[in-house]
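To start, the structure itself, in structure tokens.
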Ligand SMILES: Cc1ncc(C[n+]2csc(CCOP(=O)(O)OP(=O)(O)O)c2C)c(N)n1
């Protein structure tokens, strides 16, 4: 039985709305989503080889949220995230080689081999950090927004959270404080309906998450999380609000993860969700539907797509080779960054 059906209208509303958009930008959004998809698929393909010394939480199916959102941010804007980090890190411009080194526990990983997949960071592009504690990054992003406000910096903080984060105490505290201080922060909630294997209906009373957030006195919207253009516009509005001193925004984006909560492959067969539900969402795959949309608008064709695919795979395979050839951490560095008095 399908518990959580797709309720968006796809890209239909967008036919005829592209006038203000640069064509290269529209194609770039597709390339960025495809790149994340291909990287995730390669990680998944290799995961069983046990060379990656890290748990993984794939974002296959959730590419449009990271890409649409990050395309509205400047490099200086800060992005925080949770355990499901790959798409956020890559869309914000994080270095792929440093990410794969981190996942292979190599010394030149972006967190010096100490973090793994759930602790990706690249300060050079504003990928400010992630927390594996559900809700952990929300008050940190809120604090970073307060710092920007106090220092008079034109800088927005964005934090990606899952639906389960809205059940954490810090979520309420962060929304309250952001509303009180009119902070330049965006809370981006990817609502994929499940917390590990617990459906939303067993965790929260019937309600719409974005309305719950609005009750704190901040702007709050819901957008189609499979539609990169909807996500982009909502984020652009939120960014403009933050920069103009209008305060925080909560964005709820319903999406679906096509794979298990963690690890490779799907886990629908374990019974917590119906495979038919995943199959229905796969029909509105963010990468594929956007490709069809661009192709119909004459902005891309199959040959260009194939070329793009080949270029990306070249980059991905090279980055894996680089990671596998990188040095392991050394015993002498074991206590570096460890504090003890
Ligand atoms: C404070 C805390 N409680 C429990 C966990 C275990 N845990 C890890 S991920 C996860 C589910 C999070 O769901 P959601 O925030 O909706 O994100 P999603 O995994 O669906 O992307 C849980 C319960 C944790 N990491 N931290």
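Computed from the coordinates by the stated procedures, all read-outs in this text should not be read as laboratory data. This is a predicted model, so every value here is computed, not measured. Glycine gets a Cβ as well: all are built from the backbone with ideal geometry, and neighbour counts include every protein chain shown.
Annotations for the structure displayed:
- Our summary of shape: the Cα atoms of the chain have principal axis extents of 55, 53, 44 Å, ordered from largest down, in whole angstrom.
- For segment 119-149 versus segment 198-224, the gap between their alpha-carbon centres in whole angstrom: 22 Å
- For segment 1-152, the spread of Cα positions along each principal axis, largest first, Å: 49, 46, 36
- Restricting attention to the chain, close to 10% of DSSP beta bridges with both partner residues there are antiparallel.
- Percentage relative contact order, the chain, counting C-alpha pairs under 8 Å, at least six apart: 24 percent
- Rounded, prolate or oblate (a/c below 1.5 giving rounded, otherwise prolate when a/b exceeds b/c) for segment 195-332 by Cα gyration tensor: rounded
- For the chain, built as a Gaussian network whose Cα springs stay under 10 Å, the top-fluctuating residue of 107, 121, 39: 107
- The protection proxy used here, the mean number of other Cβ atoms lying within 10 Å of each residue, ranks peptides 128-136, 165-173, 323-331 as follows, highest first: 128-136, 165-173, 323-331.
- Whole-angstrom gap from segment 1-42 to segment 264-280, using each part's C-alpha centre: 23 Å
- In plain terms, the chain from residue 18 to residue 196 could stretch by 60.3 nm, reckoned as 0.36 nm per residue minus the Cα-Cα distance.
- Gyration tensor verdict on segment 102-145 (Cα atoms; rounded if a/c is under 1.5, prolate if a/b is larger than b/c, oblate otherwise): oblate
- Report note on the peptides 89-95, 178-184: ranked by the mean count of other C-beta atoms within 10 Å, highest first, their order is 89-95, 178-184.
- Shape category assigned to segment 154-235 from the gyration tensor of Cα positions, a/c cut at 1.5: oblate
- Segments 235-247, 271-283, 137-149 sorted - mean Cβ within 10 Å per residue, highest first: 137-149, 235-247, 271-283
- The helix-based estimate of mean residue ellipticity at 222 nm for the chain, built from -39,500 (n - 2.57) per DSSP H run of four or more residues and divided by its residue count, is -13000 deg cm²/dmol to the nearest 500.
- Two-site label geometry, residue 76 and residue 317: point separation in nm, points 7 Å out along Cα→Cβ: 4.1 nm
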